[in-house]
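Asks: One structure coming up, written as structure tokens, with questions to follow.
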Amino acid sequence: MKVISIVGHSGAGKTTLVEKLIRELCVRGVKVATIKHAHHKVELDTPGKDSYRYKDAGAVMSVLLTRDALQLVADAKTEREPQQIAQRFLGEAELVLAEGFSHAPGAKIEVLRRECGKPARCAIEDGLIAMVSDMDEVYPQLPHFALEDVNGIVDFILLHAAR
């Protein structure tokens, strides 16, 4: 399974882009999964509920299954890379889009907009393979895509994943 991280500064448009990419990949019949890296603490389970109580009691993993959804809460005491997470939990997917993980190894596409007023987060040596940007002068040796060029980005991702 191929994992590609979509990286960039806060407010650059990563989440919106990933959402559009997912829709187009699904139209093309690709089973896609996502991994989101949050830099802040997020409450994954509600205190007092059964799955929370199981984790609180010491379970390394707890799964909540409803008629049409599944939620997994698992220990993540050490920093995990997107590829490790994908292999452990996302076996049904053909492609994984990870949002964030700019410091993790692996292929990255950076979203960088001039209006954000910040430099690129990643370098080519960090695994950067393409730019989604209105700044052609940043890494001109890499493929560049406009934020709205969802088909072009998906074509590139599928070509990269096939390698």
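Asks: Looking at Lys20, Lys41, which is the one that is at pLDDT below 75 and either β-branched (Val, Ile, Thr) or not in a strand (DSSP E or B) (or both)? Give the steps one after another, and end with the answer.
Replies: On the way: Lys20 fails: at pLDDT below 75.
None of the others qualify; the one that does is Lys41.
Asks: Somewhere in the stretch 81-96, is a residue of a type outside the set (Lys, Arg) and either more than 23 Å from Met1 (Cα to Cα) or assigned to a strand (DSSP E or B) (or both)? Steps first, please.
Replies: Let us first name the residues in the stretch 81-96 that are of a type outside the set (Lys, Arg), namely 81-87, 89-96.
Remaining after also requiring either more than 23 Å from Met1 (Cα to Cα) or assigned to a strand (DSSP E or B) (or both): 95-96.
Scanning the stretch 81-96, I find at least one residue that is of a type outside the set (Lys, Arg) and either more than 23 Å from Met1 (Cα to Cα) or assigned to a strand (DSSP E or B) (or both), so the answer is yes.
Asks: Hey, another quick one. I want to confirm something. Restricting to the stretch 62-80 and keeping residues that are aliphatic (A, V, I, L, M) and part of a loop (DSSP other than H, G, I, E, B), which single residue is farthest from Glu125 (Cα to Cα)?
Replies: Going residue by residue through the stretch 62-80, those that are aliphatic (A, V, I, L, M) are 63-65, 69-70, 72-74, 76.
If we keep only those that are part of a loop (DSSP other than H, G, I, E, B) as well, we get 69, 76.
Values: Ala69: 39, Ala76: 27 Å.
Filtering first and then ranking leaves Ala69.
Asks: Among the residues of the stretch 101-118, are any in a helix (DSSP H, G or I), at pLDDT 90 or above, within 26 Å of Arg28 (Cα to Cα) and among the aliphatic types (A, V, I, L, M)?
Replies: Applying the first criterion (in a helix (DSSP H, G or I)) to the stretch 101-118 yields 114-116.
Adding the requirement that they be at pLDDT 90 or above leaves 114-116.
Imposing the further condition that a residue be within 26 Å of Arg28 (Cα to Cα) reduces the set to none.
For the stretch 101-118, residues in a helix (DSSP H, G or I), at pLDDT 90 or above, within 26 Å of Arg28 (Cα to Cα) and among the aliphatic types (A, V, I, L, M): absent.
Asks: Between residues in the stretch 48-70 that are within 15 Å of Phe89 (Cβ to Cβ) and residues that are in a strand (DSSP E or B), which pairs lie under 6 Å by C-beta distance while being six or more apart or on different chains?
Replies: So the pair list comes out as Met61/Ala74; Ser62/Val73; Val63/Leu72; Leu64/Gln71.
Asks: Restricting to the stretch 23-33, what's the tally of residues that are in a helix (DSSP H, G or I) and charged (D, E, K, R)? I'd like the intermediate steps shown before the answer.
Replies: Going through the stretch 23-33, the residues in a helix (DSSP H, G or I) turn out to be 23-27.
Checking which are charged (D, E, K, R) leaves us with 23-24.
Total meeting the criteria: 2.
Asks: Something else: If I go through the stretch 9-25 residue by residue, how many of them are touching an Asp or Glu at 6+ places or on another chain (Cβ under 8 Å) and basic (Lys, Arg)? Spell out the reasoning first.
Replies: Step one: of the stretch 9-25, the residues touching an Asp or Glu at 6+ places or on another chain (Cβ under 8 Å) are 14-15, 18.
Checking the rest, the ones that are also basic (Lys, Arg) come to 14.
Final tally of qualifying residues: 1.
The values are calculated or read from the model by the stated rules, or taken from the named source; none is laboratory data. Since the structure is predicted, the reported quantities are computational estimates derived from the model, not experimental observations. Using ideal geometry, Cβ is built from the backbone for each residue, glycine included, and neighbour counts are taken over all protein chains shown.
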